[in-house]
Amino acid sequence: MGNADIRSLAAISEVEFDDLAGSVVAVDAHNWLYRYLTTTVKFTRDDAYTTADGEEVANLIGVVQGLPKFFEHDITPVFVFDGGVTDLKSEEVDERREQREQYEAELETAKAEGEDSARIATLQSRTQRLTDTIHETTRGLLARLDVPVVEAPAEGEAQAAHMARTGVADYVGSEDYDALLLGAPHTLRQLTSKGSPELMDFEATLAEHDLTWEGLVDAGILMGTDFNDGLDGVGPKTAVKLIGEHGDLWGTLDARDEYIEGADLIRELFLDPDVTDGVDVDLDIDPDMDAAKAYVTEEWAVAPDEVERGFERIEESLVQTGLDRWT
Amino acid sequence: MFKAIVSADTLGDALDSVSVLVDECKIRLEDDGLSIRAVDPANVGMVDLSLSAAAFESYETDGGVIGVNLSRLEEFVGMADSDQLVELELDEETRKLHIQIEGLEGTLALIDPDSIRQEPDLPDLDLSAEVAIEGADIDRAVTAADMVSDHIALGVDADAELFYVDAEGDTDDVHLELTTEDLIALTPGDARSLFSLDYLKDMDKAIPSDAEVTMEVGEEFPVKMHFDIAEGNGNVTYMLAPRIQSD
């Protein structure tokens, strides 16, 4: 989930959904699904989304409930999925990220809801791993709804940031503060929450702390990332100060006579991640509602009343055109 | 500076035609009258209103833009009987609107116009058919469609020279035809577009039943409805974006 301490460095403001109309958001699919699996769907009856074979497909309810928010505000989501791991090193890194995301999302939910300990225990036992079935069915449903999907060569969030940097998307959609380290110009947080989303501004963040992108990443590594533990006693303020004093990560580590395992690889994961320009996204969404409904309620046997309202909202928001189409 | 006296009727009707779409709007104060243009948050329905100085008992301004909360202002105006006069005066210093109705005095806080959704650009529409129709007939069509469905098709059959309304529900449907005899005027051209009844019902509420409404329709295009208010001293244009027709 990225180091939440980055928040205190980030230039964040609230935006209205209305002001986002007409924009394209590259959504970190992994991150978005976790939010829905842990915060929304847990209120639903267990048997509503477990197939006869015991396969959990709660993600389908999450997708049906989560998409209307985009469409009703005339926002086009592009879901960016994590790709396969390339070598041993990044495999370790990937596992670690997954573990931490899972842990943090659950913890946050339990805290936010003030759940009793028994309920928390149940939640924990039902570990919300993104199973192969969840991956497969999420893509299957999005395909039937004609929602654009991008397969990242490696990390979805890095690919989403790259798409925003190259103008394919206007925003990255992610809860993860790492989007900032990945250089995403504008990141929307809290897209799955009830209120207005937060806008995290990359250039404003750099300007505020007089940092370059490299400097920000170096400060992030000193504070600790998903891929390394930070230096003892180094929080956001100190990290920025250290980079200011010693120029960069290496200068700081030298001066303090400290060492961070794989620091250059970690730096590269943020500054030059494995991403692709070869994405072909069709932003004109023309869903096959009947096929989508059949997929969810027949093929995957989700109780129809769990998804009825969500499907209605999707249908309604997509068949109504906006006047801006004629201006 | 803005100072005006207007009948509660005239002001109320004008505000109603905007408040069916938005909660807040900018009012442009111009030498020859005031104007409002607003679009609903979903960008589906637009209203363009002008009320000329002649619609007022007295009207003075040196220009400017004010932002108002429509339901608050309507509540104030609602305190007057329809034939009573409403006096409005802008206090430049406090940015409040003084309202006076037969001994009742009040002030209404205005809204910073910059905080209100931007006024929309007018769509550039080339609509193939034009129908002049009584407000009461629109009301009848909307009410009939509402019995069976949540959307309504408006169309013109150029060969048969008639205007028609279709509504198809899950189980029931209605079809209404108005020929040149039933209409005030018809400029034929093939047209058919589908609209959300939620929006059209709201607009219909603000159309006086005795109004002569000029309706322009096209093939899968927004509909434009134009009518006079304040005995010809003002006019309202509604535009409504279509739904995508599934078949």
Problem set entry | Contact order normalised by residue count of the stretch B:129-240, Cα under 8 Å, 6+ apart, percent | 31
Exercise. If you stretched the chain out fully between B:Asp170 and B:Lys96, how much longer would it get, using 0.36 nm times the residue separation minus the C-alpha to C-alpha distance?
Worked result: 21.6 nm
For this session: Convert each backbone phi in the stretch B:233-240 into a coupling constant with the Karplus relation 6.51 cos²θ - 1.76 cosθ + 1.60 (shift: θ = phi - 60°), then list the ³J(HN,Hα) values in order as whole Hz, x for Gly and Pro.
Result: 8, x, 8, 10, 10, 9, 10, 9
For this session: Go through the stretch A:131-233 and name the chymotrypsin sites (Phe, Trp or Tyr not before Pro) that are in a DSSP coil and have 11 or fewer other Cβ atoms within 10 Å of their Cβ.
Result: none
Problem set entry | FRET E, pair B:Arg140, B:Asp83, Förster distance 25 Å, beta-carbon r, rounded to 0.05 | 0.30
Exercise. Which whole number of Å³ per residue matches the convex hull of the alpha-carbon atoms in the protein assembly as shown?
Worked result: 196
Exercise. For labels at A:Ile285 and B:Asp210 in the simple 7 Å Cα→Cβ model, what's the distance in nm?
Worked result: 4.8
Problem set entry | Alpha-carbon centroids, the stretch B:28-99 and the stretch A:295-327: separation in whole Å | 39
Problem set entry | Spin-label zone in the stretch B:66-93 - amide nitrogen under 16 Å from a point set 7 Å from the Cα of B:Glu105 along the C-beta vector | B:86-92
Problem set entry | Size of electric dipole in chain B: Cβ of Lys, Arg +1 and of Asp, Glu -1, about Cα centre, debye, nearest 20 | 720
Problem set entry | Under 5 Å, built H, 5+ apart or other chain: amide partners of B:Leu186 | B:Ala132
Seminar exercise, completed: Those GluC sites (Glu not before Pro) from the stretch B:86-144 that are DSSP loop and have at most 10 other Cβ neighbours within 10 Å turn out to be B:Glu92, B:Glu93
Exercise. Given the stretch B:2-115 reduced to its alpha-carbon atoms as identical point scatterers, what log10 I(q)/I(0) does the Debye formula return at q = 0.13, 0.15, 0.17, 0.21 Å⁻¹?
Worked result: -0.44, -0.60, -0.79, -1.26
For this session: Would you compute, for the Cα atoms of the stretch B:113-237, the largest minus smallest coordinate along each principal axis and list the three values in descending order, in whole Å?
Result: 46, 32, 27
Problem set entry | Degrees between helix B:135-148 axis and first principal axis of chain B (Cα, 0 to 90, nearest 10) | 60
Exercise. From the phi of every residue in the stretch B:40-56, what ³J(HN,Hα) in whole Hz does the Karplus formula 6.51 cos²θ - 1.76 cosθ + 1.60 yield, where θ is phi - 60° and glycine or proline is x?
Worked result: 6, x, 8, 6, 9, x, 10, 10, 10, 10, 9, 10, 6, 4, 5, 6, 9
For this session: At 10 °C and 1.306 mPa s, grab the translational diffusion coefficient of the stretch A:245-327 from Stokes-Einstein with a Kirkwood Rh over Cα pairs, rounded to a whole number in µm² per second.
Result: 85
For this session: Specify the inter-centroid distance of the stretch B:121-141 and the stretch B:204-247, based on alpha-carbon positions, in whole Å.
Result: 4
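FYI, it's all coordinate maths here, none of it is from the lab. This is a predicted model, so every value here is computed, not measured. Here the Cβ is made from the backbone with ideal geometry for all residues, glycine too, and neighbour counts use every protein chain on show.
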